[in-house]
Structure formats: structure tokens, C-alpha cells
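The values are calculated or read from the model by the stated rules, or taken from the named source; none is laboratory data. Nothing here was measured: the structure is a model prediction, and the numbers come from that model. Glycine also receives a Cβ, built like all others from the backbone with ideal geometry; neighbour counts cover every protein chain displayed.
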Amino acid sequence: MRTAFVVLLVFLLGLFGCSSLTLRPADFAWPVEQVVKVDSKGMANVMRYSFTMNVKPLLFEETGDSTNVARWSIRVLRDQRGFYFLTADGFKHVYVFKQADAELAIEERILIAEQGISGSALNQRAPYVELVRDGGPAVKLSPDGIVEGGSK
Amino acid sequence: MRTGLWFLLIGLLVSGPALSQRSERAVVDAFEGRIKGLTRAIDTARTVQECAEISANIDALEDQYRPERDLLDKALYPDDFVQTMQKVRDRLKVRQADLGVVETQFARITELELRVVELTEQVSGLTAENAKLIADVDRLTQNISLLGTQAVADQRMIDSLRTVLKKLQQNLSARDKLIFALVDSIFVQYGKPGMDLTDLEKRGVLAKLERRDALTSIKRAIAENLYLLESTALKGSDFAEIAQQQKAFQAQWQGLGPKLAEVYYTEKRKKNEVALVDSMLARWAAKTDERVWAALGDLFREKGFVLEPFADGEQFTASFLKMMDAEVRNDRNEQSAVRMKLFTNFDTNLWIPELKTGWMPTLVETGKLTAGQVEQAEEKVEEWRRAVAGISWITYVLIAAIVGVLAWVILRLFVWKSKPAKQGD
């Protein structure tokens, strides 16, 4: 009997240890976008949130050039759910990334304008992110793509 | 509150089309930039007047960005909107204490500075409105001239142009007053005339005048008044008002010009600015004179009287007296009835309603005629009146009445004297 009790106890403790702990809700939204200069090594440092990332692969993906990177300023905004939206003047896309283990993993490439976006800026419009630009209407974005106002 | 509304209005005018698509980052950056600018100004302030101006600017900034408070509360770090504003005010207080600024003096000057801010906004508002009116005048004038070549210009269009011109004239007059009140409020803060200011104070006044675009506003006011004078749709009566407006402006400038000159002479680059205003003002005065005398000549022609050409008060008086003399002497040998008709026409259509009650007082007021010249003209008109009137029917009636009364008295005396004689018989 005593042995059975001990076995049951060990089993229950093991069960609790394996179950996940969830903190909900969590709001990751930044109030305003951060505009960060890319350094010569391709690193973009978001000082306000103490967060650094290598954007070389992103610039290569968008422009096909990963050498001349220091001229870029990247616009970054994190939405309510924690996805990072990245774009820049001259980009055709807005890129959506999710946080992973010491990396940002691509979630979605949202095509905005084939000829490139000018005068771009990201605004927080929870639960969405709004992209404003010259010569086109504002576009509401979610991590899955365009929600409203897009013209591809 | 009113300041906030003005800023909102100006903001809407400037960024209206882009308002729906704006970058919130840009709003935050602009606010932070303004805060940095104020902080720098506080750190370099050297006089109580500079502190007062900064204080007024802090108030204006707070009013302007209050509608963005939610955004700024989230975006500013580590402080929120209210804390950020408070920190700037605290910094200014510390600076004031360092400079030994007396609180009552600061309060009085701040009040004047707020008035300057308010006046600046009103001037800007009227300037924007005037620019729109001027565009309307150009468009209407062009339309009328196009119609004029094709057919008769539409009367409604001419009326519209006159309405717009009238509004422009009123706005110009209102803005002229505001500009001088603005410049005056800046000088009053220092509590002494321009020549008694120290070099530091003069530089302070100059910086304030420049920030408020005071001299630019004065130059713009003269240029726009000159523009108004060019309009062909103005009527004679408009010129009387325009002449008064020009005179008032000149009088104000005579009061403030020397003070401004004193301040502007401190900087080599701007030394000629005041002289430029003087020359613009002289051009305005000459143009006003030219248009006023031309309008008066047109008025005489319109009413059927032709004067010899005149371009100033002396020439006008000579020309007017010459015409009167010719009428008094009856150079054309006209019959009494014709002369009477002409004088009545002059008296009832031109002299009394236009000249005596309208033009003459204005011309005297604006210094274009002297009171003596007006008296001469009045005497000549009376002389003409006497010459054409001869003995009027009233005179005949009066004589008849006197003769009648005398006859009656004599008759009564005769009857009274003859009664006792009859009794004696």
C-alpha cells in the first residue's frame, strides 16, 4: 500500500513538472516604431529595447546586395502578439519575423509595391500594424499579410 | 486654449492632406526635437525677457501636443508627457534663479510675451487668409478681363471681385494694426525706448523680432497694400479709406521705425532692412497719392465737370478754383436758368454728397489738403451760389410782406387820426 502511494506521488509530481506554464495575456506592442541605422557590419541596434539583430540577410533578400549595408535605416515595430515588422524606404516588402532562440525567424513577406515603398513609416494600430507611405493609401497589416488598404 | 486651437488650425492647414497618413514616430521625434530646442534655449538664456519667451513657448508646445498625449505618454521614456513638460519648466525655474530673475517682473513680461505669441498667431492667420483672397482677386480679375474681350463682363463677377477686395482691405487694415501691436509688445517688455537698450537687450529684441517675422510682416503688409492699390475694380470711395489706412500705417511706422532702426543697426547684415521699409513706404505713399488724385479726377468727370489735371493738393485747389471762377464769371455766357441748373447739379450730386462730406474731410485728415485750401474751395462754391441765384423768390416774398405790413400800419394811423375830426363835426 505504502509502495503504491509513493509510486502515485512520484507519478503526479512528474505530471506537474511536465505541464507548461502560460502567462496570458501578454502585450508586446511597442508604442511607436524604432528607426535604426545599420552599421557597416550589418547590425541594427534598437537601443530603446536593448535589442540587436543582424539585418544583412534581410538586405540581401530585398536588394541582392549585402556589402553596401551601412546606408540603410530599418524601421522596426513589434505588434501586440510579439511579431516584428521590418521595412525600409526603397523596400518592396514588409517582413514579419517571430522571435526564436537567439534569432528572428521569417513569418511572412508582405509585398507592398513592386517599385519600392517611399516615405514609409509603421504605426501601432493594435491588433494590427499600419504602414503609411507616399503616393498610396495606408495599409493595415497582420502577421499573415495585408488586412486592409493594400494594392499589390 | 485659444493658442491650442490656433496651432491646431495652422497644423490642419499645413498638413491637412497628410493628416490621415502620418508617422507617429515623426510626431514623437518632432516633440522631442522641440523639447531639446527649449532645453538649449534655457541653458543659454541670459535675460528675463528670454526666460519669458521660453516660458511662453513651453505653454505653446504643451497646447500644441496635448492632443497627442496618449501617444507621447507611451512613446516617451522614462518620462511621460506631463513629466517631460514639468522637467522643462523646472529647468527654466532653476535658470531664472541663477539669473536672479524677480518673480513679479517675470510674470509681467511673460504676460506680454503671451500677448506676442497670440498676436503672432493672429497675424499668421490673417496672412494665410489674405494669400487666399489675393489668389481669388487674381482669378476673378483674369476671368473678368477674359469676358471683357469676348462680351460684357458679368456684373455678378464684378460684384464678387469687389466683395473680395473689400474683405482684403479690411483684413489688411486689421493685420496692420496687429503687426504694430506685436512689435510694440516686444519693446514694452524691456520697459525703455530703443536707444536706451543695452547691446545685449538690443540683440534680444532683434532675435525676438526675427523669430516673430516682424519686419517681414511689415514688408509683406506694404507689398499687399500696394497690390490692393493696383486693382482696377476699386471705386472712388475705396480710395478715401485706403488713404486713411496708409496714413495710419505711416504714423505707426514713424513711432516704431526709429526704435527698430536702433535695434537693427546692431547687426551689419540687417542694417539696411529698416531703410528698405522706409523706401517701400515712400512708394506706397506715392502710389496712394497717385490713385487718390486720379480717383478724384474721375469723380469730377463722372459727374460732368472737367478739371485741369492735378496730382497734388495744391494743383487740385488751383484747378478747382479756376473752374469755380469761370462759372462765377459766366465765361460761356449762359442764361440764368442754365446756370442755375448746372449749379444745382454740382451742389446736389457732387459738392454736398461727395466732396464736402466725404473727400474733403479725408483729404484734410490724411494731409493731402490743408484746412485753408478747403475753406477757399467752400468760399468759391458760395460765390458761385450767389452769382447764379440773383434775388430769389424768398426775397420778393419778404419785401412784399414788409411793404404789406407798412401799408397796413399807415392805413391804421390814417384811420385813427381821421376819427376825432369826424366826431368834432
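Any residue at all in the range B:76-89 that is away from every other protein chain (no Cβ under 14 Å) and of a type in the set (D, E)?
Initially, the range B:76-89 is screened for residues away from every other protein chain (no Cβ under 14 Å), giving B:82-89.
Now drop any that are not of a type in the set (D, E), which leaves none.
Checking the range B:76-89: not a single residue is away from every other protein chain (no Cβ under 14 Å) and of a type in the set (D, E).
Those residues that are assigned to a loop (DSSP other than H, G, I, E, B) and over 12 Å from B:T317 (Cα atoms), I need them from the range B:355-373; list them, please. First the steps, then the outcome.
Of the range B:355-373, the ones assigned to a loop (DSSP other than H, G, I, E, B) are B:366-370.
The answer is B:T366, B:G367.
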Top-ranked residue of the range A:29-55 - restricted to ones that are within 14 Å of chain B (Cβ to nearest Cβ) and of a type in the set (S, T, N, Q), ranked as surrounded by the fewest Cβ atoms within 10 Å (Cβ to Cβ): A:S50
Neighbours by Cβ (under 6 Å, 6+ apart or cross-chain): first from the range B:165-188, farther than 15 Å from B:V117 by Cβ; second among the hydroxyl-bearing types (S, T, Y): B:L165/B:S231
B:D331, sole failed condition from (1) touching a Lys or Arg at 6+ places or on another chain (Cβ under 9 Å); (2) without any contact (Cβ under 8 Å) to a residue 24 or more places away in the chain; (3) surrounded by fewer than 16 Cβ atoms within 10 Å (Cβ to Cβ): (1)
The lone exception for A:G82 - which of (1) buried (at least 22 other Cβ atoms within 10 Å of the Cβ); (2) in contact (Cβ under 8 Å) with a residue 40 or more places away in the chain; (3) outside any strand (DSSP E or B) it fails: (1)
Selected residue [assigned to a loop (DSSP other than H, G, I, E, B), over 16 Å from the mean Cα position of the chain (by Cα), more than 13 Å from chain B (Cβ to nearest Cβ) and surrounded by fewer than 17 Cβ atoms within 10 Å (Cβ to Cβ)] from A:D134, A:D65: A:D65
Which listed residue is crowded, with 18+ Cβ neighbours inside 10 Å, within 13 Å of chain B (Cβ to nearest Cβ) and not in a strand (DSSP E or B), from A:I74, A:I117: A:I117
Residue ranges of helices (runs of 4 or more DSSP H) in the range B:29-125 with at least 2 members among the charged types (D, E, K, R) and modelled with pLDDT under 90: B:48-65
Close pairs (6 angstrom Cβ cut-off, 6 or more residues apart or separate chains): touching a residue at least 60 places away in the same chain (Cβ under 8 Å) in the range B:251-272, of a type in the set (K, R) and crowded, with 17+ Cβ neighbours inside 10 Å anywhere: B:V263/B:K202; B:T266/B:K202
Residue count, the range A:137-152 (criterion: away from chain B (no Cβ under 14 Å) and of a type in the set (D, E)): 1
Residues of the range B:357-379 classified as closer than 21 Å to B:K303 by Cα and either in contact (Cβ under 8 Å) with a residue 60 or more places away in the chain or in contact with a Leu (Cβ under 9 Å, 6 or more places away or on another chain) (or both), total: 7
Given (1) buried (at least 22 other Cβ atoms within 10 Å of the Cβ); (2) assigned to a strand (DSSP E or B), number of the condition A:E108 does not satisfy: (1)
Residues (outside any strand (DSSP E or B) and farther than 14 Å from B:Q21 by Cβ) located in the range A:137-149: A:P143, A:D144
Residue match in the range B:189-206 (condition: more than 26 Å from B:A128 (Cα to Cα), modelled with pLDDT under 90, polar (S, T, N, Q) and assigned to a loop (DSSP other than H, G, I, E, B)): yes
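When you scan the range B:180-198, do you find a residue that is closer than 17 Å to B:V137 by Cβ and under 16 Å from the mean Cα position of the chain (by Cα), even just one? Steps first, please.
Of all residues in the range B:180-198, those closer than 17 Å to B:V137 by Cβ come to none.
There is no residue in the range B:180-198 that is closer than 17 Å to B:V137 by Cβ and under 16 Å from the mean Cα position of the chain (by Cα).
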